[in-house]
1. Would you mind ranking 15, 248 so that the residue whose beta carbon has the fewest other beta carbons within 10 Å leads the list?
2. Considering only DSSP states other than H, G, I, E and B, which GluC sites (Glu not before Pro) in the stretch 33-96 qualify as loop sites with at most 13 other Cβ atoms within 10 Å?
3. With unit charges on the beta carbons (Lys and Arg positive, Asp and Glu negative) and the dipole taken about the Cα centre of the chain, which residue among 98, 271, 56 sits farthest to the positive side?
4. Share of antiparallel DSSP beta bridges in the stretch 117-249, in percent to the nearest 5?
5. Where both partners of a DSSP beta bridge lie in the chain, what percent of those bridges are antiparallel, to the nearest 5?
6. Determine, for each peptide in 18-29, 90-101, 277-288, the mean count of other beta carbons within 10 angstrom over its residues, then list the peptides with the highest first.
7. How far is the Cα center of the stretch 91-118 from the Cα center of the stretch 259-314, in Å?
8. Go through the stretch 302-362 and name the GluC sites (Glu not before Pro) that are in a DSSP coil and have 11 or fewer other Cβ atoms within 10 Å of their Cβ.
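Read-outs throughout are calculated quantities, based only on the coordinates presented, and are distinct from any laboratory measurement. Not measured: the values here are computed from a predicted model. Neighbour counts are summed over all protein chains in view; Cβ atoms, including those assigned to glycine, are modelled from backbone coordinates with ideal geometry.
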Amino acid sequence: MRQTLIKGGHVIDPETSVDGVTDILVEDGKIASIGKPKAKRTKTKAEVIDASGRIVTPGLIDMHVHLREPGHEYKETVETGCLAAAHGGFTAICCMPNTDPVNDNQSVTDYILKKARIADTVRVYPVGAISRGLRGESLSDFGELKAAGVVALSDDGNPVMNAQLMRRALEYAKGFNLLVIAHCEDRNLTANGVMNEGVTATQLGLLGVPNAGETVMVARDIALCELVKAPLHIAHVSTDGSVRLIREAKARGLPVTAETAPHYFSLTEEAVLNYDTNAKVHPPLRTAKDREAIRLGLADGTIDVIASDHAPHTSIEKDLEFDQAANGIIGLETSLPLCLQLVEMGVMDLTGLVAKMSMNPARILNIAHIGLKPGNPADLTIIDPEKKFTIDANTFRSKSRNTPFNGCELKGKAVLTMVAGNVVFREA
Ligand code: DOR
């Protein structure tokens, strides 16, 4: 029997309400016990991981990641994305279907899952496309995708502009017990905009994207959710109006959940003042008012999940005039330290943060084995909350470097990531 004893860490598990210094015994890849193990249970040859002064959490889950394989392997592959995830403290990731070919059928899902098995690092849960080719014209075969192993459906990167198609998607997905993840954007309003609409865009001479470009679509999708009574998850929330609508929908008991990304609670549109294309993202970075609304939405539970929206692009797509550059920010290796800032700022406590990064995504996605319970696979993250460091994109395991956070000094990061009892990342 293979045993690992994680000793003396501050275990925080919102699922089991454990919050205190204790030990975790792992046997053959599974959690065997939480608490001081009985002396005769631990063999002398058990590997001991000293977690004193560290925080031990259930494995973190990032439910919004772009892996770029198949099709754009020069930006990221399943293997490098998984390594980046492990490096950032994540034990599981969901990968969006905007690959080439699009993940709208069994063969692409099979291919991604095969690559993930070969990478053998973190768990990969593919998200299938709502519409064939992400074209927003006809639905993919949800039954085929579900059988192949997708955990949710999304046209992320593209909105489903046709409300009738979105209605049918919610109805059809409900029958398969699949979650629909909505990329809320009205393309007629966002048009050729490249940053947030407002005075800053005017000063920079750039075309703007109004808040309403997101908010009207959030309103539409909530209305469809109410009509169909099917679960709806709203991706990358960036505006105060979206937070308000989601809060109100939840208060009315609708099955709506939502996520935001670290750049929306950390930055504002001012990050693009020097035309930094690494801060070009869709939806765009907004105003201080929106950022405050996002933080409040996180604090009061309106926003259930923090997901990175890891969107790798290389200098080929980013070292261009601002309006020509690709949208996207990588996040797997910066997400956790940025999230820990929320605790530092008093927006939420650690238990609340861990819930948004593990328990809530697992529940929303219907992933089995939630939390650090005996019998569950030993997926866990060990965090050094005091470790001060400077973000250096050159140390990333990701193939891409497109982050506006390079050079930022932060405190707190993952130092060990364990998946099914195997250490897939350990700080040197
Ligand atoms: O900035 C973005 N990049 N937003 C999206 O919705 C898609 C993503 C990508 O795939 O690059």
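1. Numbers: 15 17, 248 14.
Ordered by Cβ neighbours within 10 Å, fewest first: 248, 15.
2. Here no GluC sites (Glu not before Pro) fit, given the DSSP loop and packing criteria.
3. 56
4. If we restrict to bridges inside the stretch 117-249, about 10 percent are antiparallel.
5. Details: 31 of 62 bridges.
Percentage antiparallel, nearest 5: 50.
6. On the way: 18-29: 18.1, 90-101: 24.6, 277-288: 22.7.
By packing density, highest mean first, the sequence is 90-101, 277-288, 18-29.
7. That distance is 26 Å.
8. 321
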